[in-house]
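What follows is a single structure, written as structure tokens, with notes after it.
The values are calculated or read from the model by the stated rules, or taken from the named source; none is laboratory data. Here the structure is a predicted model, which means the values were calculated and not measured. FYI the Cβ positions are ideal-geometry reconstructions off the backbone, even for glycines, and counts take in every protein chain you see. Please note that ligands, DNA and RNA were not included when accessible areas were found on the heavy atoms of the full protein model with its side chains. Shrake-Rupley method; radii C 1.70, N 1.55, O 1.52, S 1.80 Å.
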Amino acid sequence: PRVLLLGAPGAGKGTQSSRISDEFGVDHITTGDALRANKGMDISELGFEFDTPGGFMDAGELVPDEVVNEIVVTALGNADGFVLDGYPRNIEQAEFLDERTELDAVIRLAVSEEELVDRLTGRRVCPECGETYHVEFDQPEESGVCDECGADLTQREDDTEETVRERLRVFAENTEPVIDHYAGTDAYAEIDGEGTPDEVWEDVRGAIEQRA
Ligand code: AP5
Ligand code: ZN
């Protein structure tokens, strides 16, 4: 299936995308991870320096469309099915995507603002393997250490409360119109994202199976 996962920062897109990718055997395409993996990369040929300290990402602002569109086009090129996470984030990106592929399922994870802030400020990530944890909701066996690979966990630069608030503001301004853009199509489903990861997954899987 070709799946698009929409939701605010912290709604659980990364958490559910991994499960979708495993269960349906599709590529996980995530602009956020791709950008973080390329931090420090010289993209001056594109005319941007997006990731200097205090750049777009660390400030919670959107990276220019040209950069993320390029990432997505490259990733879609070799993908049969996919789950797209973190893109599109504004109407221009949505129109760009619509011209390049069709979507079987567009899933919106709905979570309240208060819960989003708690999830993001408590998130810890493994810098080695990318596994995600939470200081309360998803603790590793040994505090501060990755279960998968034993590396010390860190906090994302943009998970401070101030930057989280800015990301939520950017989401409301730029990305909520993207949700309206897909709402009302046959592919669209809104899911309550406030249950446990397993509960949310039951609904996500069901919505994809119905549409694929
Ligand atoms: P990106 O990496 O896409 O971040 P985001 O959208 O802010 O999403 P997150 O990764 O923060 O949250 P998530 O929904 O994946 O939640 P997760 O599953 O980890 O983007 C980062 C930056 O890159 C942007 O600010 C921008 O600068 C740039 N960028 C990226 N894409 C772009 C684009 N297309 N255009 C322009 N710029 C772009 O869960 C969060 C936490 O909650 C975890 O700790 C987890 O353990 C916990 N959790 C998850 N599910 C549950 C649950 N059901 N119950 C309790 N806790 C839960
Ligand atoms: Zn790890």
Can you confirm whether the range 39-59 contains a residue that is modelled with pLDDT of 90 or more and buried (at least 19 other Cβ atoms within 10 Å of the Cβ)? no
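Each row is one residue, and each column tells you yes or no for (1) closer than 16 Å to residue 6 by Cα; (2) more than 8 Å from ligand 1 (Cβ to nearest atom); (3) modelled with pLDDT of 95 or more; (4) open to solvent by 60 Å² or more (accessible area, probe 1.4 Å).
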| residue | (1), (2), (3), (4) |
| --- | --- |
| 132 | no, no, no, no |
| 138 | no, no, no, yes |
| 147 | no, yes, yes, yes |
| 156 | no, no, no, no |
| 170 | yes, no, yes, no |
| 174 | yes, yes, yes, no |
| 177 | yes, yes, yes, no |
| 187 | yes, yes, yes, no |
| 191 | yes, yes, yes, no |
Among the residues of the range 182-209, what is the count of those that are over 19 Å from residue 9 (Cβ atoms), assigned to a helix (DSSP H, G or I) and in contact (Cβ under 8 Å) with a residue 60 or more places away in the chain? 4
Which residues, taken from the range 124-149, are outside any strand (DSSP E or B), of a type outside the set (Ser, Thr, Tyr), more than 7 Å from ligand 2 (Cβ to nearest atom) and farther than 15 Å from residue 37 by Cα? 135, 136, 137, 139, 140, 141, 142, 144, 147
Taking the range 115-130 on its own, how many of its residues are among the charged types (D, E, K, R), without any contact (Cβ under 8 Å) to a residue 24 or more places away in the chain and either within 12 Å of ligand 1 (Cβ to nearest atom) or open to solvent by less than 70 Å² (accessible area, probe 1.4 Å) (or both)? 1
Residue among 136, 70 that is acidic (Asp, Glu) and farther than 16 Å from residue 31 by Cβ: 136
So, in the range 165-202, exactly how many residues are closer than 18 Å to residue 112 by Cβ and among the hydrophobic types (A, V, I, L, M, F, W, C)? 7
Hey, can you tell me all the residues within the range 87-108 that are open to solvent by less than 10 Å² (accessible area, probe 1.4 Å) and touching a strand residue (DSSP E or B) at 6+ places or on another chain (Cβ under 7 Å)? 105, 106, 107
Return the residues of the range 70-114 that are within 10 Å of ligand 1 (Cβ to nearest atom), outside any loop (DSSP other than H, G, I, E, B) and within 19 Å of residue 207 (Cβ to Cβ); say none if nothing qualifies. 84, 85, 109
